[in-house]
Amino acid sequence: QVQFVESGGGLVQPGRSLRLSCAASGIIFSVYTMGWYRQAPGKQREFVASITNALGTNYAVSVKGRFTISRDNAKNTIYLQMNSLKPEDTAVYYCNTRPPPAQWFGQGTQVTVSS
């Protein structure tokens, strides 16, 4: 059974930082390209960032230069360091493989950026 458990979200002021974590189980984690996705209220889920098994990274234009994705294969975990947060980053953040099977999305972690 594939499971992704996200953590690290919260309420933060604009300009501050957060670090999200996602622990994976039920897959051979090291072979997969992993990704972060987010869904804001009233909007479709969108791609945020991905990292390949060779540590190549890719980012959405809206977060490039502010967010950094990383992975620890020994811990079956990926991370998303989010700096210079903006109110428009407010969303539920999910991790999954890339491409992401819909049935593998978990509960996500809420990030709210507000003063």
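The values are calculated or read from the model by the stated rules, or taken from the named source; none is laboratory data. This structure is a prediction, so every number in the text was calculated from the model and none was measured. No Cβ is skipped: glycine too gets one built from the backbone with ideal geometry, and neighbour counts run over all protein chains shown. Just so you know, the surface numbers come from the protein's heavy atoms only, side chains and all, with ligands and any DNA or RNA stripped out. Shrake-Rupley method; radii C 1.70, N 1.55, O 1.52, S 1.80 Å.
Structural remarks
- Restricting Gln13, Gln1 to those that are open to solvent by 30 Å² or more (accessible area, probe 1.4 Å), over 14 Å from the mean Cα position of the chain (by Cα) and at pLDDT 95 or above reduces the list to Gln13.
- Test: residue in region 97-110 that is modelled with pLDDT of 95 or more, more than 13 Å from Phe47 (Cβ to Cβ) and aliphatic (A, V, I, L, M): no
- Residue selected from region 48-76 under the condition of a type in the set (Ser, Thr, Tyr) and touching a Ser or Thr at 6+ places or on another chain (Cβ under 6 Å), by the criterion most open to solvent (accessible area, probe 1.4 Å): Thr52
- Counting the residues of region 23-41 that are of a type outside the set (Ser, Thr, Tyr), at pLDDT 95 or above and part of a loop (DSSP other than H, G, I, E, B) gives 1.
- Number of the condition not met by Leu20 [criteria: (1) assigned to a loop (DSSP other than H, G, I, E, B); (2) of a type outside the set (D, E, K, R); (3) more than 16 Å from Gln103 (Cα to Cα)]: (1)
- When the residues of region 104-115 are filtered to those that are of a type outside the set (S, T, N, Q) and not in a strand (DSSP E or B), the one that is nearest to Gly65 (Cα to Cα) is Gly108.
- Some residue of region 86-103 being surrounded by 13 or more Cβ atoms within 10 Å (Cβ to Cβ), assigned to a loop (DSSP other than H, G, I, E, B) and over 14 Å from the mean Cα position of the chain (by Cα): yes
- Test: Gln44 is closer than 20 Å to Gln103 by Cβ, open to solvent by 60 Å² or more (accessible area, probe 1.4 Å) and in contact with a strand residue (DSSP E or B) (Cβ under 9 Å, 6 or more places away or on another chain): no
- Of the residues making up region 66-92, those that are in contact with a Gly (Cβ under 9 Å, 6 or more places away or on another chain) and within 18 Å of Val2 (Cβ to Cβ) number 1.
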